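Novice: First the structure, then my questions, so here it is.
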There are 2 protein chains.
Amino acid sequence: MTTPTSHALDQAISLQMTAPNRFGGHCDETYLNMVGPFGGMTAATLLNAALLHPERLGDPVSLTVNFAGPVGLGDFEIEATPLRTNRSTQHWLLLLRQNGEVMTSATAFFASRRETWSEQAAECPPAPAVDELPRMERNERAWFRHYDMRYISGMFKPGEAEETHDSLLWVRDEPPRPLDFAALTAIGDIFAPRIFSRRQRFTPAGTVCMTHYFHASLDDLQRTGSDFLLGQAGASRYHHNYADQIAHLWAADGTLLLTSTQVAYFKE
Amino acid sequence: MTTPTSHALDQAISLQMTAPNRFGGHCDETYLNMVGPFGGMTAATLLNAALLHPERLGDPVSLTVNFAGPVGLGDFEIEATPLRTNRSTQHWLLLLRQNGEVMTSATAFFASRRETWSEQAAECPPAPAVDELPRMERNERAWFRHYDMRYISGMFKPGEAEETHDSLLWVRDEPPRPLDFAALTAIGDIFAPRIFSRRQRFTPAGTVCMTHYFHASLDDLQRTGSDFLLGQAGASRYHHNYADQIAHLWAADGTLLLTSTQVAYFKE
């Protein structure tokens, strides 16, 4: 559920229901990336179709987004179909089309979650305080300016001596905005392709398929508010044009909010 | 591509094309799990629909499977739709239905892969030789007997003293069968829910959504042949009925073949 504000994020993911299972949206230049909008924002928009759907049950547990073609500036349509609704779970198919062509496909799983035994295995890595770190000042992509990113390590900077699979940073929406499932979805795609920081040189590259696992329950999100999140991303293997990424996002108090995985293309 | 043999796996994933984008299959008791068939075999069957499709382009790079309802014994239908085909990539939607109801949904991404710069970041963990370890002898589930599993650590055994998030084992099809994308897909789901080894007591639990990232190119598969694979799985957080799992499968020579992630339900 997104709070109706005038934040750029809320405008970007805004949808109008036009018919049963159909939503209309619009892509402008606000979150533009290299080719089309920042993938995290497309993912958040697709999730929002399920969040806004009158038949929606529970909260997001997982979301998979396949970036099939570049979303162009202008209008798009999302078809959001609840494929199956059980007593406390719901499976979604989400298709974003422009001019009748599927540009992005997604599946999502929602559930009514209950109190259970809980334990966190992935400990939050140590990091300097946010205010000891400079904000990344970069303007290559429009979407950068809507996040406050403070890299601790593994920033992509062509020519940089540190070549690494892993990146660690503090990040939040700019201006600050209370965290919800849509904002968390977008931030889950905040990391540059791993090949960038590993080789510290530019190559055509981009996310193809991304899956988020939402650990955060509503009270986790509310407790986080508009604070910074700590994000860490690594890779397992780069091979024949594709590399995976495994990432985690923690609240400042150390609570793990999201596990995110993806596969990204790289040219050579 | 699956080799036509009389191996139980090939029978389980066998499909007949019945109409454009439509395949018929059959679920019997061979790979039966607690409720319905072993999820890995359902995933392999869905992937097989894309592999067998006349419009298929390239090899699997990623596969996401959503277990929406229990597949029952008997016939099923898979609708395999190439949602978008680009020059060297292809996005699939795969829906498995029984009696008109969606039981499993999936998306897959295929690509023609080329030689590129390659590097493996996830090192294969040290493990004793296969023949120094006993084969797991368990009969609770029909599908167990079709795998030779040799646990090094983290086996689920109610009452066991070792409570751990992580499991490490050698595994291969039984009887041995040359590795292909379908067999690798099934093995990617070989691990018991993390909550089992963490608490060493039974609770209703099961995979809901699973995503595989295939690092293996065809030559990796061929080199592996019918050898054992080393599999490692861990968790990041168990919270409010759901826990994630991140797993890796390596060939015996240390080559990473698969990164697999999933979210599993647990009752309390």
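Novice: Residues of the stretch B:223-243 being within 11 Å of chain A (Cβ to nearest Cβ), small (Gly, Ala, Ser) and free of Cβ contacts under 8 Å to residues at least 60 places away in the same chain, which ones?
Specialist: B:Ser236, B:Ala243
Novice: Continuing with the same structure: Within the stretch B:99-121, how many residues turn out to be part of a loop (DSSP other than H, G, I, E, B) and facing chain A (nearest Cβ under 7 Å)?
Specialist: 7
Novice: While we're looking at this one, here's another question. What pairs can you find where one residue is in the stretch B:207-222 and more than 8 Å from chain A (Cβ to nearest Cβ), the other is modelled with pLDDT under 95, and their Cβ atoms are less than 9 Å apart, with a gap of 6+ or different chains?
Specialist: These pairs meet every condition: B:Thr207/B:Pro193; B:Leu218/B:Met1.
Novice: For the stretch A:248-262, how many residues meet the condition of being crowded, with 24+ Cβ neighbours inside 10 Å and part of a loop (DSSP other than H, G, I, E, B)?
Specialist: 0
Novice: Only residues in the stretch B:155-172 that are within 14 Å of chain A (Cβ to nearest Cβ) count as the first member; pair them with residues that are of a type in the set (A, V, I, L, M), Cβ under 6 angstrom, at least 6 apart or cross-chain, and list the lot.
Specialist: As it stands, the answer is B:His165/A:Ala121; B:His165/B:Ala235; B:Ser167/B:Ala233, since those pairs meet every condition given.
Novice: Moving to a separate point now. For the stretch B:80-89, enumerate the residues that are more than 9 Å from every other protein chain (Cβ to nearest Cβ) and buried (at least 17 other Cβ atoms within 10 Å of the Cβ).
Specialist: Of everything in the stretch B:80-89, those that are more than 9 Å from every other protein chain (Cβ to nearest Cβ) and buried (at least 17 other Cβ atoms within 10 Å of the Cβ) turn out to be B:Ala80, B:Thr81, B:Pro82.
Novice: Next up: With B:Leu73, B:Leu57, B:Leu93, B:Leu52 as the choices, which residue is modelled with pLDDT of 95 or more and surrounded by 21 or more Cβ atoms within 10 Å (Cβ to Cβ)?
Specialist: B:Leu93
Novice: Which numbered condition in (1) within 22 Å of the chain's Cα centre (by Cα); (2) within 30 Å of A:Leu93 (Cβ to Cβ); (3) within 14 Å of chain A (Cβ to nearest Cβ) is the only one that B:Trp143 fails?
Specialist: Result: B:Trp143 fails condition (3) only.
Novice: Those residues that are open to solvent by 100 Å² or more (accessible area, probe 1.4 Å) and more than 30 Å from B:Ser197 (Cβ to Cβ), I need them from the stretch A:113-137; list them, please.
Specialist: Within the stretch A:113-137, A:Asp131, A:Glu132, A:Glu137 qualify.
The values are calculated or read from the model by the stated rules, or taken from the named source; none is laboratory data. Not measured: the values here are computed from a predicted model. Ideal geometry is used to build each Cβ from the backbone, glycine not excepted, and the neighbour counts take in all protein chains shown. When the accessible area is computed, the model is the full protein with side chains, heavy atoms only, and any ligands, DNA or RNA have been set aside. Shrake-Rupley method; radii C 1.70, N 1.55, O 1.52, S 1.80 Å.
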